[in-house]
Amino acid sequence: MLTCWGTGDGTALCDNVGTVKEACGVFGIYAPGRRVANLTFDGLYALQHRGQESAGMAVADGDTVMVVKDMGLVATVFDERTLSALDGHMAIGHTRYSTHGSSDWAGAQPVYRPVGRAGFALGHNGNLTNTTELAEKVGMLPGSICTDSDVVAELLAQSFTETGDLATALCAVLPIVEGAFSFVLMNSQRVFGVRDPYGFRPLCLGRFGPPDAPEGWALASETPALSIIGATFVREIEPGELVVIDEDGVHSVEVPWLKSVSPRLCIFEFAYIARPDSRLYGQEVHETRCRMGELLAAQAPASADLVMGVPESGVPAAEGFARASGIPYGQGLVKNRYIGRSFIAPEQKDRADAVRRKLNPLRDTIVGKRLVVVDDSIVRGTTQRSVVRMLRESGATEVHLRISSPPWRWPCFYGIDTPSQEELLAAHHSVEEMASVLGADSLAYITVENLKAAIGVGEDGFCDACFTGAYPTAVPAYAAVALGGTRRREAEAAEESVAYQAVLPGV
Ligand code: SF4
């Protein structure tokens, strides 16, 4: 859910200026007889990694819909007293990622609209690509829109008012909504879950009780949010599927999508976003990350004494690299578990300082060693530059960087908040130049082909646009011109080489 709205001159105002940030987390539950507010709290807690800016939930008891949301982490927004006041048998919840510059209450979700018997609430994971057009359609003035989710809520409110039925309103509105969305919605009677036809962002279904006598149902962005509330994973919601959950169980409703397309689940969910214990496309994410490291070791070997990962997301791929290369695995950096995340610091110098506060080297492990250091991605290069410097200052004789996702050269328009393309280090540097900028003895990225091989479900079914520039949908109008220029430069550069690996002279 990206805050982004058009301006009169056709440009756009975006809060999309930080580093890579997670998508949002969404959750839904229909479970008579259970404390749904407490279970929603637990589900959101399991999805906290997808967003730390704000948290909220809406709870319904058949007559009323109550919404509580605020800035902060799940455990900051809700306590036992708040939860005990939220009585009902169904709920939806949301965690929103953190940004600087647009961190305000108005962006917190669920969004609520007082239409119908008790109104409806909506939570959104993803980012729409035609927000400006939709806002014009619904008659919202520039400046009156807080988020793309607000625009959808407004469209639904108009249609709901006309049709008197939220499912009918969804079928009318969803086909004109473009981009990435996994929505959870709720009115006083039913819970809804829907994924866009590409299925950019995940959404899964869980069940309470045995298959032949279900006692309730849950929806969540990731599978661990189901298991920790005691629900059994049933299946992923299909791309383009709308499910309705009520006293009769779970039903799929056919949405008259304007076009049928192939699924494009975000491949970066596997490399970084999703929890390691999540299952996507039937694969456990941790294991796919280990395989990324194994394939990276075969693709870009290094002579070294120790393999280490940049905590925490680089660790599984480092384990895989060590396993495949036969080089011992060790922990060379300790992460302070209680520190805020580095992207909160807005200035480059502050970000670098934040890396030092977050990560500290284990000198006795490192001194005199040639290191392979595995990380999940390079965005601006702030973390890697600091890490390489720290390791050298601690006595490492060589530092070979290995990255378990391909070079990040293109911005994301589907719900992952990336910096502008100018700030993406790989967008304007060759891999060789990047190794030099980062101070590494060598640098290598996994190829797109090996990334897909590591996931192990075939070549198709993924969005990989941030690595390839092949966007599955039209990009927002404000971005198209700038991307056109980049494409021309890319085409020229491609004639020179498509490099994933660089070893600096003298190494
Ligand atoms: Fe994911 Fe990248 Fe596609 Fe965005 S552009 S959805 S981050 S693969």
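Would you confirm whether or not segment 437-453 contains a residue that is of a type in the set (Asp, Glu), part of a loop (DSSP other than H, G, I, E, B), at pLDDT 90 or above and surrounded by 18 or more Cβ atoms within 10 Å (Cβ to Cβ)?
Narrowing segment 437-453 to residues of a type in the set (Asp, Glu): 441, 449.
Narrowing the set further to residues that are part of a loop (DSSP other than H, G, I, E, B) leaves 441.
Remaining after also requiring at pLDDT 90 or above: 441.
From what's left, surrounded by 18 or more Cβ atoms within 10 Å (Cβ to Cβ): 441.
Scanning segment 437-453 turns up at least one residue that is of a type in the set (Asp, Glu), part of a loop (DSSP other than H, G, I, E, B), at pLDDT 90 or above and surrounded by 18 or more Cβ atoms within 10 Å (Cβ to Cβ).
Out of the residues in segment 252-272 meeting the condition of being within 8 Å of the ligand (Cβ to nearest atom) and not acidic (Asp, Glu), tell me which one is farthest from the chain's Cα centre (by Cα).
To start, the set of residues in segment 252-272 that are within 8 Å of the ligand (Cβ to nearest atom) comprises 264, 266-269.
In the following step, the residues that additionally are not acidic (Asp, Glu) were identified as 264, 266-268.
Working: 264: 14, 266: 8, 267: 10, 268: 8 Å.
In this case the residue turns out to be 264.
I need a count of the residues in segment 230-283 that are under 30 Å from residue 311 (Cα atoms) and among the acidic types (Asp, Glu).
Result for segment 230-283: 3.
Name the one entry in 351, 356 that is modelled with pLDDT under 95, surrounded by 19 or more Cβ atoms within 10 Å (Cβ to Cβ) and not β-branched (Val, Ile, Thr). Full working, then the answer.
Details: 356 fails: surrounded by 19 or more Cβ atoms within 10 Å (Cβ to Cβ).
From the options 351, 356, the qualifying one is 351.
Any residue at all in segment 463-470 that is within 16 Å of the ligand (Cβ to nearest atom), crowded, with 21+ Cβ neighbours inside 10 Å and more than 20 Å from the chain's Cα centre (by Cα)?
no
Could you count how many residues in segment 105-153 are farther than 22 Å from residue 475 by Cβ, of a type in the set (Val, Ile, Thr) and out of contact with any helix residue (DSSP H, G or I) (no Cβ under 7 Å at 6 or more places or on another chain)?
Total meeting the criteria: 0.
Quick check on residue 10: is it modelled with pLDDT under 90, surrounded by fewer than 15 Cβ atoms within 10 Å (Cβ to Cβ) and not in a helix (DSSP H, G or I)?
Values: modelled with pLDDT under 90: yes; surrounded by fewer than 15 Cβ atoms within 10 Å (Cβ to Cβ): yes; not in a helix (DSSP H, G or I): yes.
Against the criterion (modelled with pLDDT under 90, surrounded by fewer than 15 Cβ atoms within 10 Å (Cβ to Cβ) and not in a helix (DSSP H, G or I)), residue 10 qualifies.
Report, by residue number, each residue of segment 56-84 that is more than 28 Å from residue 247 (Cβ to Cβ) and buried (at least 24 other Cβ atoms within 10 Å of the Cβ). Walk me through how you get there before you give the answer.
Narrowing segment 56-84 to residues more than 28 Å from residue 247 (Cβ to Cβ): 70-77, 79-81.
Scanning segment 56-84 gives a single hit, 74.
Answer yes if at least one residue in segment 157-171 is within 16 Å of residue 24 (Cβ to Cβ) and touching a residue at least 12 places away in the same chain (Cβ under 8 Å), and no otherwise.
From segment 157-171, those within 16 Å of residue 24 (Cβ to Cβ) are none; that's our starting set.
Looking through segment 157-171, none of the residues is within 16 Å of residue 24 (Cβ to Cβ) and touching a residue at least 12 places away in the same chain (Cβ under 8 Å).
Can you find a residue that is in a helix (DSSP H, G or I) and under 27 Å from residue 269 (Cβ atoms) anywhere in segment 192-209?
To start, the set of residues in segment 192-209 that are in a helix (DSSP H, G or I) comprises none.
Within segment 192-209 (the criterion being in a helix (DSSP H, G or I) and under 27 Å from residue 269 (Cβ atoms)), the answer is no, since none of the residues qualifies.
Just wondering, is there one or more residues in segment 403-414 that are assigned to a strand (DSSP E or B) and either more than 16 Å from the ligand (Cβ to nearest atom) or out of contact with any Pro (no Cβ under 6 Å at 6 or more places or on another chain) (or both)? Outline the logic, then answer.
Of segment 403-414, the ones assigned to a strand (DSSP E or B) are 403.
This time we only want the ones that are either more than 16 Å from the ligand (Cβ to nearest atom) or out of contact with any Pro (no Cβ under 6 Å at 6 or more places or on another chain) (or both), so: 403.
Yes.
Go through (1) in contact with a His (Cβ under 7 Å, 6 or more places away or on another chain); (2) within 16 Å of the ligand (Cβ to nearest atom) one by one and return the number of the condition residue 372 breaks.
(2)
Please work out which residue is nearest to residue 462 (Cα to Cα), limiting yourself to segment 242-295 and to residues that are of a type in the set (S, T, N, Q) and surrounded by fewer than 21 Cβ atoms within 10 Å (Cβ to Cβ). Please lay out each step first, then the result.
The first filter runs over segment 242-295 and keeps only residues of a type in the set (S, T, N, Q), leaving 252, 260, 262, 278, 283, 288.
So of that shortlist, the ones also surrounded by fewer than 21 Cβ atoms within 10 Å (Cβ to Cβ) come out as 252, 260, 262, 283.
Working: 252: 24, 260: 16, 262: 9, 283: 14 Å.
The qualifying residue nearest to residue 462 (Cα to Cα) is 262.
Of a type in the set (Asp, Glu), surrounded by fewer than 20 Cβ atoms within 10 Å (Cβ to Cβ), out of contact with any Ser or Thr (no Cβ under 6 Å at 6 or more places or on another chain) and modelled with pLDDT under 95 - does that describe any residue in segment 363-370?
Residues of segment 363-370 of a type in the set (Asp, Glu): 364.
Next cut, surrounded by fewer than 20 Cβ atoms within 10 Å (Cβ to Cβ) only: 364.
Of the ones still in play, those that are also out of contact with any Ser or Thr (no Cβ under 6 Å at 6 or more places or on another chain) are 364.
Retained after the next criterion (residues that are modelled with pLDDT under 95): none.
Scanning segment 363-370 turns up no residue that is of a type in the set (Asp, Glu), surrounded by fewer than 20 Cβ atoms within 10 Å (Cβ to Cβ), out of contact with any Ser or Thr (no Cβ under 6 Å at 6 or more places or on another chain) and modelled with pLDDT under 95.
Please specify each residue of segment 415-433 satisfying the condition of being among the β-branched types (Val, Ile, Thr) and within 16 Å of the ligand (Cβ to nearest atom). Working first, answer last.
Of the residues in segment 415-433, the ones among the β-branched types (Val, Ile, Thr) are 416, 418, 431.
Listed by number, the residues that qualify are 416, 418.
Residue check, residue 180 against (1) within 16 Å of the ligand (Cβ to nearest atom); (2) surrounded by fewer than 22 Cβ atoms within 10 Å (Cβ to Cβ); (3) among the aliphatic types (A, V, I, L, M), all met but one. Which one?
The one condition residue 180 does not meet is (2).
For segment 379-402, which residues satisfy the criterion of being more than 14 Å from the ligand (Cβ to nearest atom) and not in a helix (DSSP H, G or I)? Talk me through it step by step, then tell me what you get.
Let us first name the residues in segment 379-402 that are more than 14 Å from the ligand (Cβ to nearest atom), namely 380-402.
380, 381, 394, 395, 396, 397, 398, 399, 400, 401, 402 - these are the residues of segment 379-402 that are more than 14 Å from the ligand (Cβ to nearest atom) and not in a helix (DSSP H, G or I).
Looking at segment 266-293, I want the residues that are under 19 Å from residue 46 (Cα atoms) and have a partner that is within 16 Å of the ligand (Cβ to nearest atom) and at pLDDT below 95 with Cβ atoms under 6 Å, at least 6 apart or on another chain. Which pairs are those?
Taking only residues 6 or more apart or on different chains, the pairs are 272/313; 273/22.
Quick test for you: out of 106, 157, 135, pick the one residue that is under 25 Å from residue 50 (Cα atoms) and not β-branched (Val, Ile, Thr). Let's see the steps before the verdict.
Values: 157 fails: under 25 Å from residue 50 (Cα atoms); 135 fails: under 25 Å from residue 50 (Cα atoms).
Being under 25 Å from residue 50 (Cα atoms) and not β-branched (Val, Ile, Thr) holds for just one of 106, 157, 135, which is 106.
Go through the residues of segment 226-241 one by one and say whether even a single one is surrounded by fewer than 22 Cβ atoms within 10 Å (Cβ to Cβ), under 19 Å from residue 46 (Cα atoms) and polar (S, T, N, Q).
Yes - at least one qualifying residue is present in segment 226-241.
Please go through segment 30-73 and pick out each residue that is free of Cβ contacts under 8 Å to residues at least 40 places away in the same chain and closer than 14 Å to residue 105 by Cα.
Hits for segment 30-73 are 68, 70, 71, 72, 73.
The values are calculated or read from the model by the stated rules, or taken from the named source; none is laboratory data. What you see is a predicted model; the values in this text were computed from it and never measured. Quick reminder, even Gly has a Cβ in these numbers, built from the backbone with ideal geometry, and neighbours come from all protein chains shown.
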